[in-house]
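A.B. asks: Here it is, the structure in full.
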There are 2 protein chains.
Amino acid sequence: MAEEGARILVLGGGFAGMFAAKELHRRLRGRAVIELINEVNYFVFQPLLPEVAAGAISIRDAVSPLRRLLPGVRMRQAQIYDIDLARKVVVIFQGLQRRYTEVPYDHLVIALGQGVDLSRFPGLADHALPMKTLSDAMALRNHVIDKLEHADITSMAEVKRELLTFTVIGGGFSGVETAGEMKDMIDRALEFYPNIAPAEVRIIVIEFADRLLMELPPSLGEYARAFFEKRGIEVRLRTGIREATGTAIVTSDGEEIGTRTVVATIGNAPTPMVAKLALPNDRGRVRTDRCLRVEGQAEVWALGDAALIPLVDSPTAREHYAPPTAQFAVREARRLADNIGAVLDGKQPAPFVYTSKGALASLGGGRGVAEVFGVRLSGFPAWLLWRGYYLSFVPGFAAKVRIAVQWMLDLVLGRSTVQTGTSKARATRYVRYRAGDRVFEEGNRADGFYAVVEGAFELSILDPAGGATRRRIGPGGHFGERVLLGEGLRTGTVRAIEDSVVLMVGAEDFQRLTGALPPLRDYFDSYITATFRNEPP
Amino acid sequence: MAEEGARILVLGGGFAGMFAAKELHRRLRGRAVIELINEVNYFVFQPLLPEVAAGAISIRDAVSPLRRLLPGVRMRQAQIYDIDLARKVVVIFQGLQRRYTEVPYDHLVIALGQGVDLSRFPGLADHALPMKTLSDAMALRNHVIDKLEHADITSMAEVKRELLTFTVIGGGFSGVETAGEMKDMIDRALEFYPNIAPAEVRIIVIEFADRLLMELPPSLGEYARAFFEKRGIEVRLRTGIREATGTAIVTSDGEEIGTRTVVATIGNAPTPMVAKLALPNDRGRVRTDRCLRVEGQAEVWALGDAALIPLVDSPTAREHYAPPTAQFAVREARRLADNIGAVLDGKQPAPFVYTSKGALASLGGGRGVAEVFGVRLSGFPAWLLWRGYYLSFVPGFAAKVRIAVQWMLDLVLGRSTVQTGTSKARATRYVRYRAGDRVFEEGNRADGFYAVVEGAFELSILDPAGGATRRRIGPGGHFGERVLLGEGLRTGTVRAIEDSVVLMVGAEDFQRLTGALPPLRDYFDSYITATFRNEPP
């Protein structure tokens, strides 16, 4: 063991990891070196993300630099590449560095949280906006403002309907708070969009279970539903998602809802690193014993959303495990620090014991629901309690004051919800189309190149005689290249003739690629000559 | 003419366009329809961008929604595709829309500002960070924090030196304020980076002229230089830029400065639309008469940075034209509105007359320089004046209060400078290397595919016998594909053997492309088989 004592390495900087590092440092300072590895250098106060998306608090007040929160803890902003349990090292990439670094440990704490996997729902991963990270919240705000801007000036009724329909998949805490805050934000914004009538805006929450807020007692879920319907937010219960495209979702009932905004708050899944580890897990949560130690491992611990922690000796039901909430993560962190301390002293760790003190949710519009110490609250008192509760949780005095000041200014001055960028498409992205959907038509601007991954499309080009040349394009085929390599607007129309997926490459990137890679350019040149030989120039 | 009166179309939503629309609406309400087209739906308070980059004020307080600032003005968030002066229509694309929309006008106001063109300096466009837009300010902040994070943990002395060297090209207002604010931000952040000594950080301002702040009298430029040197900011005068790569810049003296941060505040150039227009222009600024009317056009007007406006009848020197400052733009907007009003009434427009009331610059660290009504100020009084002056300019009472509150909190609570995202590389980007630079080496992570655009590289692969296979790769050639199509770490080393440029494609995008485009995959498979046939597996 090194001079400085045991090396304790914490992976992850969310509630679980941040508080674990804090508690470990408090208990073991001088006896152990605590090091934390996280992909970003800040802690995100996740429950406030819907408020960030809605512009109710500013970005920088929902996040705090981990280094400031954790004085005395070593901090590495890095990507975790591998965990070698046998050699007791974590392999990471730091910064834009391309050579890996190995970080050894005596005790490892896994606090990597949960990831998102939407792959069960065709098209959802490609077309839905998640709500997990700070970037997600910012992207949602920019997206919603974009839709309002476009809806205000479009002259196409169907497009306007799609633009003004906002869907949220999932009716748990995150979905309900996002829908409520989005409603608030849009209501406040509408006065500046003279061509949008309030009645044209639809917000729809879709939940598979038979009520909202499964985390709370049924009466509060029902309160939330009734409150939402009163505010004009539609709630679809017992409804799943079958697929999503860029302009619609299809529910499990077969209903097609035209929309250009799909927020997905479902699909919790293990993070790729946890999934890859050879540790016992249950649907992606690492199984621990009651003392937070990973089953069968003497020096590996897990807590927070990444861990499945039994609260009783022989768990048989869901409620026999610690729920994945911030409240539990913070308590688990304390027990974890005590237990690692005990093990370092050659003593026995103790089981984690905690009972929830309650739960709260904001519904937007100054209303909330809460169950605290067994007492149920709803309406304005619950909302106020929610704000106070979360404020007490926000780490750092400066951030508390800033958020309180912002909330006050928000009430007094009105809100200035601005875009912080335009939403930029990736250079390549997968796009799903349903049979019959139009990809582009004659006269359109050439925005990209399309390679067919799944399904089939029909390209039709009108000829001067009034007829049309039609060609079917299936997987491995492509379209849209000709105009990008020439200039001008689309000369043909492409429609999906089956449910399909394409890989779309942005126009500029396609041009750079064909410019820099002569073999690729040659391929397209030959292809265009062979394919369009018989058509008018 | 339509029932509602003349259609006046303002292009651009910066100081010039925003104030032009405001003044036009104030004077001509009821007699004309004022419409403004801008690519983003907010007005950016550009002088505050360095403060946004440094986290001294929050993003949303440096921008205001145009719709809120301009009640009664029609607003379109759209990209301008073309201006047809003969038919008197502007052709635009709205939102993600692919079909264009034509907007007719009776009078057109060009207020498109200036663009940036760094193409005269090899590598600068690909490797420098601009400081023109809100996204630029956010990107700079994220970039600087990234460099600090990486510098804190790297064990390579040369890399650390590059990471901690921050260069600003241009010593005008924007360059000086950016350098000063960056210094402030880094000084405040260093306490959280235990492995970075203050003396390791270098900030360098490079200016081609013989002094800083050409916009101000020489004595104030000299004050700024002396103040910077006292604070440890290096100033290089009479120094140009020869080229830039991802790890260095080369100055006109031939000095190579290792750096991973190059902020470019030089290279003002016409925006693409102004460059394309068949209007008389002088280095990209549209020539107007003294009344702000474009030479030879009865219904086209121009103001702000996009316009070259004579202040006297026979201008012969630079100072005979209106300078491109916010102060002048605001005054030009008033004259413009009066003049269009006069023309609509069948009267004569009047010449624009205005004398600058002075100029101010912040140097960071609570110091500034100013010349106001002929009086020169420097130090803290000038800084305070600067803040007050700009605050008075910030549109909207709410934003004023918010900014004032933030500045106070900043003094009282300390600053929490956080990243608002990690800086993400584009899917395809051009990267410049100098002869001798290493692109990657054996054992590196495979981060992308490289197509050679200019110059030449040498790939060397060690063989088990201790020798090496070497291959020269020139324009049209490529490298880095093999590992991406297989798996694992780099097996060879690539160095530039001439000054070179490559197009780099990110690993994930390359894999998506080869996955979706069988002809491309086939090409690489054949290429790899033919090229690496004789090498050990």
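A.B. asks: Based solely on C-alpha atoms, express the radius of gyration and the Dmax of the range A:86-147 in angstrom.
C.D. replies: 17.8, 52
A.B. asks: Let me ask something else about it. From the square roots a ≥ b ≥ c of the eigenvalues of the alpha-carbon gyration tensor of the range A:199-289, which class results: rounded (a/c under 1.5), prolate (a/b over b/c), or oblate?
C.D. replies: Taking the square roots of the gyration eigenvalues as a ≥ b ≥ c, the range A:199-289 is oblate.
A.B. asks: Over the Cα atoms of the range B:1-145, what Rg and Dmax result, in angstrom?
C.D. replies: Cα only, the range B:1-145: 17.4, 56 Å (Rg, Dmax).
A.B. asks: Averaging sequence separations of C-alpha pairs under 8 Å and six or more residues apart, then dividing by the length of the range B:236-376, give the relative contact order as a whole percent. Provide the component values of the computation, followed by the final result.
C.D. replies: Values: 187 pairs, mean separation 17.2, N = 141.
Worked out over the range B:236-376, it gives 12 percent.
A.B. asks: A further question on this structure: If each residue of separation counts as 0.36 nm, what is the full-extension length gain between A:GLU39 and A:ARG238 once their alpha-carbon separation is subtracted?
C.D. replies: Result: 68.0 nm gained on full extension.
A.B. asks: Across the range B:173-186, in residue order, what do the Karplus-derived ³J(HN,Hα) couplings come to in whole Hz, using 6.51 cos²θ - 1.76 cosθ + 1.60 with θ = phi - 60° and x for Gly and Pro?
C.D. replies: Taking θ as phi minus 60°, the curve returns 3, 5, x, 5, 5, 5, 5, x, 5, 5, 4, 3, 5, 5 Hz for the range B:173-186.
A.B. asks: Next up: At a Cα cut-off below 17 Å, give the lysines reachable from B:LYS276, other chains included and same-chain residues fewer than 8 away excluded.
C.D. replies: Candidates past the 8-residue exclusion: B:LYS88.
A.B. asks: Over all directions, what mean area does the Cα convex hull of the range B:286-338 project, stated in square nanometres?
C.D. replies: Mean shadow area of the hull around the Cα atoms is 3.5 nm².
A.B. asks: Cross-link list A:LYS160/A:LYS183; A:LYS22/A:LYS132; B:LYS183/B:LYS357; B:LYS132/B:LYS160: which exceed 25 angstrom alpha carbon to alpha carbon? Mind dumping the intermediate values first?
C.D. replies: Details: A:LYS160/A:LYS183 18 Å; A:LYS22/A:LYS132 23 Å; B:LYS183/B:LYS357 29 Å; B:LYS132/B:LYS160 28 Å.
Going by Cα-Cα distance, B:LYS183/B:LYS357; B:LYS132/B:LYS160 fall outside the 25 Å limit.
A.B. asks: In whole Hz and in residue order, list the ³J(HN,Hα) couplings for the range B:208-223 that follow from phi through the Karplus curve 6.51 cos²θ - 1.76 cosθ + 1.60, θ = phi - 60°; x for Gly and Pro.
C.D. replies: With the stated coefficients, the range B:208-223 comes to 6, 6, 8, 7, 7, 6, 4, 6, 10, x, x, 4, 6, x, 5, 4 Hz.
A.B. asks: Turning to a different aspect of this structure: How long are the three semi-axes of the equivalent ellipsoid of the range A:67-175, in whole Å, if each is the root of 5 times an eigenvalue of the C-alpha gyration tensor, listed from largest down? Don't skip to the answer; put the middle values down first.
C.D. replies: On the way: eigenvalues 346, 54, 41 Å².
Working through the eigenvalues yields semi-axes of 42, 16, 14 Å.
A.B. asks: I've got another one for you. Calculate, in whole percent, how much of the Cα-Cα pair population of the range A:238-328 lies beyond 20 Å.
C.D. replies: More than 20 Å apart: 51 percent of the Cα pairs in the range A:238-328.
A.B. asks: Where does the protein assembly as shown land at 222 nm, in deg cm²/dmol rounded to the nearest 500, when only DSSP H runs of n ≥ 4 count, each adding -39500 (n - 2.57), divided by all residues? Write out the running numbers ahead of the final one.
C.D. replies: Details: 30 runs with 340 residues, N = 1074.
Per the formula, -9500 deg cm²/dmol.
A.B. asks: Taking a label point 7 Å out from Cα toward Cβ, give me the nm distances from B:MET156 to the same spot in the other copies, shortest first, one decimal.
C.D. replies: Once sorted, the set of distances for B:MET156 reads 5.0 nm.
A.B. asks: Counting other Cβ atoms within 10 Å, keep those with at most 10, restrict to DSSP loop, and tell me which GluC sites (Glu not before Pro) in the range A:304-386 are left. Don't skip to the answer; put the middle values down first.
C.D. replies: Working: sites: A:GLU319, A:GLU332, A:GLU371; in loops: none.
Passing both the DSSP loop test and the Cβ count: no residue.
A.B. asks: Just the number, please: percent antiparallel of the DSSP beta bridges in the protein assembly as shown, rounded to the nearest 5.
C.D. replies: 65
A.B. asks: Here's a follow-up. Do you know the relative contact order of chain B, to the nearest whole percent, from alpha carbon pairs under 8 angstrom that are 6+ apart?
C.D. replies: Working: 1096 pairs, mean separation 72.9, N = 537.
Relative contact order here is 14 percent.
A.B. asks: Work out the length of the dipole vector of chain B about its Cα centre, built from +1 on the beta-carbon of each Lys and Arg and -1 on the beta-carbon of each Asp and Glu, and round it to the nearest 20 debye.
C.D. replies: Computed charge dipole of chain B: roughly 1420 debye.
A.B. asks: Per 20 Å bin, what is the whole-percent P(r) computed from every C-alpha pair distance within chain A?
C.D. replies: With 20 Å bins starting at 0, P(r) equals 19, 47, 29, 5, 0.
A.B. asks: Taking a point 7 Å out from Cα toward Cβ as the label site, list the nm distances between B:ALA199 and the same residue in every other copy, smallest first.
C.D. replies: Here B:ALA199 shows inter-copy label distances of 7.5 nm.
A.B. asks: In percent, how large is the relative contact order of the range B:16-92, given Cα pairs closer than 8 Å and 6 or more residues apart?
C.D. replies: Values: 89 pairs, mean separation 25.8, N = 77.
The value is 33 percent.
A.B. asks: For the range B:1-121, give me the percentage of DSSP beta bridges that are antiparallel, rounded to the nearest 5 percent. Could the numbers behind the result be given before it?
C.D. replies: On the way: 13 of 28 bridges.
Expressed as a percentage, antiparallel bridges in the range B:1-121 total about 45.
A.B. asks: Would you pull out the residues with amide H under 5 Å of A:SER252's amide H, same chain only if 5 or more places away, H placed 1.01 Å from N?
C.D. replies: Amide H neighbours of A:SER252: A:GLY240, A:ILE241, A:ARG242.
A.B. asks: Measuring from the lowest to the highest alpha carbon on each principal axis, how far does the range A:146-298 reach, largest first, in angstroms?
C.D. replies: In descending order, the Cα extents are 65, 35, 31 Å.
A.B. asks: Show me B:466-472, B:46-52 ranked by packing, highest mean number of other Cβ atoms within 10 Å first. Present the calculation step by step, with values, prior to reporting the outcome.
C.D. replies: Values: B:466-472: 11.3, B:46-52: 24.3.
Descending packing order for the listed peptides: B:46-52, B:466-472.
A.B. asks: Suppose each label sits 7 Å from its Cα in the direction of the beta carbon; what would the B:SER356-A:LEU462 distance come out to in nanometres?
C.D. replies: For the pair B:SER356/A:LEU462, the computed spacing is 5.7 nm.
A.B. asks: Rounded to the nearest 5, what is the percent of antiparallel bridges among the DSSP beta bridges in chain B?
C.D. replies: On the way: 65 of 100 bridges.
That works out to approximately 65 percent antiparallel.
A.B. asks: Using the Karplus curve 6.51 cos²θ - 1.76 cosθ + 1.60 with θ = phi - 60°, work out ³J(HN,Hα) for each residue of the range A:11-17 in order, rounded to whole Hz, and write x for Gly and Pro.
C.D. replies: Here the 3J(HN,Hα) series is 9, x, x, x, 3, 5, x Hz.
A.B. asks: Further question on the same structure: Counting Lys +1, Arg +1, Asp -1, Glu -1, what net charge surrounds B:PRO324 among other residues with beta carbon under 15 Å of its beta carbon?
C.D. replies: Numbers: positive: B:LYS132, B:ARG283, B:ARG285, B:ARG287, B:ARG318, B:ARG331; negative: B:GLU215, B:ASP282, B:ASP305, B:GLU319, B:GLU332.
Residues near B:PRO324 contribute +1 overall.
A.B. asks: Using square roots of five times the C-alpha gyration tensor eigenvalues, list the equivalent-ellipsoid semi-axes of the protein assembly as shown in whole Å, biggest first.
C.D. replies: In descending order, the three semi-axes are 45, 36, 36 Å.
A.B. asks: Explain nothing, just the number: dipole magnitude of the range B:87-220 about its Cα centre with +1 on each Lys and Arg Cβ and -1 on each Asp and Glu Cβ, in debye rounded to the nearest 20.
C.D. replies: 580
A.B. asks: Just how large is the dipole of the range A:11-134 about the Cα centre, in debye to the nearest 20, putting +1 at every Lys and Arg Cβ and -1 at every Asp and Glu Cβ? Numbers along the way, then the final one.
C.D. replies: Details: 16 positive and 11 negative charges, 117 e Å.
About 560 debye.
A.B. asks: Near the amide H of A:ILE83, under 5 Å away, which other amide H atoms are found, from residues 5 or more places off or on another chain, if H is placed in the peptide plane?
C.D. replies: Amide H neighbours of A:ILE83, under 5 Å, 5+ apart: A:VAL91.
A.B. asks: Which is farthest toward the positive dipole end of the protein assembly as shown among B:LEU129, A:MET75, A:ALA157, measuring Cα position about the Cα centre, with Cβ charges +1 (Lys, Arg) and -1 (Asp, Glu)?
C.D. replies: Towards the positive end, the residue furthest out is A:MET75.
A.B. asks: For peptide A:511-523, what's the mean number of Cβ atoms from other chains within 10 Å of each residue's Cβ?
C.D. replies: Working: counts 1, 9, 10, 0, 3, 15, 11, 5, 9, 7, 1, 1, 5.
Mean partner shielding for this stretch: 6.
A.B. asks: Most exposed first by the Cβ proxy, i.e. fewest other Cβ within 10 Å, how do B:VAL431, A:VAL263 rank?
C.D. replies: Details: B:VAL431 20, A:VAL263 25.
Lowest count first: B:VAL431, A:VAL263.
A.B. asks: Here is a further query. Obtain the nm distance between the two label points defined at B:TYR81 and B:GLU442 by a simple spin-label model: each point lies 7 Å from its Cα along the Cα-to-C-beta direction.
C.D. replies: 5.4
A.B. asks: For the range B:304-388, take every pair of Cα atoms, bin their distances at 5 Å starting from 0, and report each bin as a whole percent.
C.D. replies: 3, 14, 17, 17, 16, 13, 9, 6, 4, 2, 0
Only the coordinates and a few stated rules stand behind these numbers; no lab work does. Since we're looking at a predicted model, the values are computed, not measured. So basically every Cβ, Gly included, is an ideal-geometry build from the backbone, and we count neighbours across all protein chains shown.
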